[in-house]
1. I'd like the FRET efficiency for K241 and A192, computed as 1/(1 + (r/R0)^6) with the beta carbon distance as r and R0 of 25 Å, rounded to 0.05.
2. Mind checking the per residue accessible area of segment 73-138 for me, 1.4 Å probe, whole number of Å²?
3. Go through K101/K124; K101/K208; K124/K219; K154/K208 and tell me which ones have a Cα-Cα distance over 26 Å in this structure.
4. Measuring from label point to label point, each 7 Å out along Cα→Cβ, what is the E212 to Y99 span in nm?
5. Given labels modelled 7 Å from the Cα in the Cβ direction, how far is it in nm from F86 to Q52?
6. For a quick protection proxy, order the peptides 122-133, 83-94, 150-161 by their average other-Cβ count within 10 Å, most packed first.
Amino acid sequence: MDKPPPPYSATAISQNDTLRRETAISKNHTPQRDPVIQFRRYLLEIMAFTFQADFALLDCALDQHTLSTSASISTTNSILTEDERFELLRLARTIKDLYGKTRGYQWLNTLDSDRSAVTDAIAKPAVILSLDGSYILQLISTYADHQCDETKRKHTLISLSLPYPLRLFRHLTPFLYSLGHHLDSHARIIAATAPHEEVRIVLGNAMKVFQEEELGIKKVPYFWVNDDLWPHRFGWYHVYKALLPTEEDLSIYLEI
């Protein structure tokens, strides 16, 4: 008898499943078991909120693969169901709790169920989509504070990285490099999670407007640097590696 494929194997994300995944990612086909689909939906929600995208247009793009200007009259403010929002909040709060217990004996007191939940729902899908796991953990943790609530927009990861007052710092090179790193990371997340070009374009346009009109920055200088050098890695990298050691990380990557 043939053995069943391992979890998160190449079979699970093969081209034969592409259409099913893209259909299931829409609001009307909420995924129940596929952690990669659910992970993508969580990140699309956070990206849309971060860049103040029109959720009605995004919802339309996800459901119909077409864009309609009339969709913007909708009061839609989320692509997630109530159950999905509840679970995302639970994961975000769990991630924050784990982050606060990475040193010394405190990690010994974390629950296996909490570790497994975050590993399966966040860390492993991040590897499959070739995203920076430590950055993703930090990003999703911010949901615990903003929950995509308009009155709490200052708690998004990008907003937390902005100096105050912004007008005094927006043209300083060190700030632009740091902001450029965040914008590039968010762009990579959108590219990895958008199921097709309509969704990618909605979020890409929102990101452009946010950068130029909200931040007042027309062009962010390109600056390559090893991700290991960025401050966000120091604490969050420990959490990620505690959840997914290098050997397991590599084995998942090789199976893709």
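1. That gives a FRET efficiency of 0.75.
2. That works out to 50 Å² for each residue.
3. The pairs that break the limit, which is 26 Å between Cα atoms, are K101/K208; K124/K219.
4. 3.2
5. 3.2
6. 122-133, 83-94, 150-161
The values are calculated or read from the model by the stated rules, or taken from the named source; none is laboratory data. What you are looking at is a predicted structure, and each value in this text was computed from that prediction instead of being measured. With ideal geometry, Cβ positions are generated from the backbone for all residues, glycine too; neighbour counts draw on all protein chains shown. All accessible areas refer to the heavy atoms of the entire protein, side chains included, with ligands and DNA or RNA removed. Shrake-Rupley method; radii C 1.70, N 1.55, O 1.52, S 1.80 Å.
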